[in-house]
Amino acid sequence: MKKQVNFAIVGCGRIAPFHANGIKAAPSANLVAVCDIIEEKAKDFANEYGVEKWYTDAETMFNNEEIDVCCVCVPSGYHHDIAIAAANHGINVLSEKPLDVTKENMQAMIDACKKNNVKLGAIFQRRTYQAAQEVKKAVESGAFGKITIGSASLKFYRDQEYYDSGDWRGTWELDGGGALMNQGVHGIDMISWLMDGVESVNANCQRLLWDTEVEDTAVITLKYKNGAIGVIEGTTSVYPGLETVFTIGGQNGSIIFGDNKIYKWIFKNDTPARPVIENEYAGINCSYDEHTPHSIQIEDMAKAVIENREPMLTGEEAMRTVCVILGIYESSKTGKEVKIEY
């Protein structure tokens, strides 16, 4: 049985170091090659992470290297291009968030991986945090009784320089949206996962501060499949960026938790007991200073290949989160409540 899985990274930009460090920290993963269309970026990235092989064309890399998993780290609207190319070479795919920016592109990724009998995994590393795992256990145990509310405060900050740093940033075509699709997608995934799915949304998305095509400020009301309701606030316009905070409450208890810890854990009869939380990794304003959450998902992906099983977060599940955001944009545009179709 294979003990190590060969990984390659396509796209050597802002998110790629988390994948490189995550691969380095994952016992079952080995980084063998990197690729970027800008030769200097590819070469410098390879040198920084001790990788012998670097390329400027993904197809050439796929043809010349023994790769088991491709980490897709290119701009969001190009995810499907790289994923489909990798799948057609019999290479498993681990896509950075969001899976892609349209339902058609995401379905094409899923179909290509199924056709070629390879696995499609997606990064939503916040699900691996201990606080999130403990809250999920409480939800699944029925401790809340009837859950009535699930809300998320996703107040990030990005300045104009950030949006000007890449011509794809803040565009509908390649970023797929603004504060919600790029930054808030993690929190939207989290609250949808914890609440077992979104039924419908009613949204108001505005561009209030930055010179982009997309929203920097949004407020959404939601109905969940479990019958509860809630609110999401998402921004890149709130200086200096505030902690991401989630609230779940109902008949028998309430939990409030954020990037760094659990703030409230209150249940009738103190059951379940408040867990002790250690080793949380997310920082304020998404300023992660640890690669451990990525390494958890990368190690899981490697083990999925070795054990021939599905990864912890499949392409289909990642697609559901993007469909929620696409529904939010439709609601804001039409001024109507939109039912989420997966």
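Taking 0.36 nm per residue of sequence separation and removing the Cα-Cα distance, the ASN269/ILE38 pair yields an extension gain of 77.2 nm. Extension gain for GLU330-ASN47 works out to 97.5 nm (0.36 nm per residue, less the C-alpha to C-alpha distance). Too long at a 19 Å Cα-Cα cut-off: which of LYS97/LYS261; LYS24/LYS261; LYS136/LYS225; LYS103/LYS136? Listed pairs above 19 Å: LYS97/LYS261; LYS24/LYS261; LYS103/LYS136. The smallest convex shape that holds all Cα atoms of segment 1-65, its convex hull, gives 77 Å³ per residue.
Counting only residues at least eight positions apart within a chain, or on another chain, the aspartates and glutamates with an alpha carbon under 17 Å from that of LYS3 are GLU66, ASP68, GLU299, ASP300, GLU307.
Of the Cα atoms belonging to segment 55-118, the radius of gyration and Dmax stand at 10.8, 32 Å.
From largest to smallest, the equivalent ellipsoid semi-axes obtained for segment 133-247 from the alpha-carbon gyration tensor read 29, 13, 12 Å. Size descriptors for the chain: radius of gyration and Dmax over Cα atoms are 19.8, 62 Å. Pairs spanning more than 31 Å between alpha-carbon atoms, out of LYS146/LYS339; LYS53/LYS155; LYS114/LYS333: LYS53/LYS155; LYS114/LYS333.
Heavy-atom surface analysis with a 1.4 Å probe gives the chain a carbon and sulfur content of 47 percent of its accessible area. Counting only alpha carbon atoms, the long axis of helix 185-194 and the longest principal axis of the chain meet at about 60°.
Loop sites by DSSP among the trypsin sites (Lys or Arg not before Pro) of the chain, restricted to those with at most 15 other Cβ atoms within 10 angstrom, leave 15-145 as the longest stretch without any of them.
Taking the C-alpha atoms only, the angle from helix 103-115 to the longest principal axis of the chain is near 50 degrees. Subtracting the Cα-Cα distance of GLN130 and ILE306 from 0.36 nm times their residue separation leaves 60.8 nm of extension gain.
The values are calculated or read from the model by the stated rules, or taken from the named source; none is laboratory data. Keep in mind that this is a model prediction, so the values were computed, not measured. In this analysis, Cβ positions are derived from the backbone assuming ideal geometry, glycine residues included, and neighbour counts consider all displayed protein chains. Remember, those area values only see protein heavy atoms, side chains included, never the ligands or the DNA or RNA. Shrake-Rupley method; radii C 1.70, N 1.55, O 1.52, S 1.80 Å.
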